[in-house]
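Okay, structure first, notes after.
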Amino acid sequence: MSFSTKSKARLRGRKALRAAEMLDEVVDSQLPLVTELSETSRRRSADYLSELVMLAQDYRHYAAGWIDHEELQRRGNAAVARLEQLSQERRAAALTEQE
């Protein structure tokens, strides 16, 4: 690995760790609010937050070199799809509650 390749890998690793830290901050800021929600809302919020925790872990794995960019992209897309699925389920549940 040349110097510039090592340097680029370190930079990607630092960026990935910053992304993981940002996701951790989002989760940490939301956790105190979860306890104030109804049981159903707590479960939904916990599902959302757990997706973010897992995505942060994926970024750490990328930073450590355990997975490549393609795998990180695949996992990120899967997390976004799961978050969208959770959002659709929430909207459907809200409509059912209104009826």
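Every number in this text was worked out from the coordinates using simple rules, so none of it is lab data. Just so we're clear, the structure is a prediction, and the values are computed from it rather than from any experiment. Quick reminder, even Gly has a Cβ in these numbers, built from the backbone with ideal geometry, and neighbours come from all protein chains shown.
What to note about this one:
- Of all residues in segment 29-46, none satisfies being under 8 Å from the mean Cα position of the chain (by Cα), surrounded by 12 or more Cβ atoms within 10 Å (Cβ to Cβ), aliphatic (A, V, I, L, M) and within 24 Å of ASN77 (Cα to Cα).
- Set ALA20, ALA16: member being within 23 Å of HIS69 (Cα to Cα), among the small types (Gly, Ala, Ser) and under 11 Å from the mean Cα position of the chain (by Cα): ALA20
- Within segment 1-57, the residues that satisfy the criterion of being small (Gly, Ala, Ser), assigned to a helix (DSSP H, G or I) and more than 20 Å from LEU86 (Cβ to Cβ) are SER4, SER7, ALA9, GLY13, ALA16, ALA19, ALA20.
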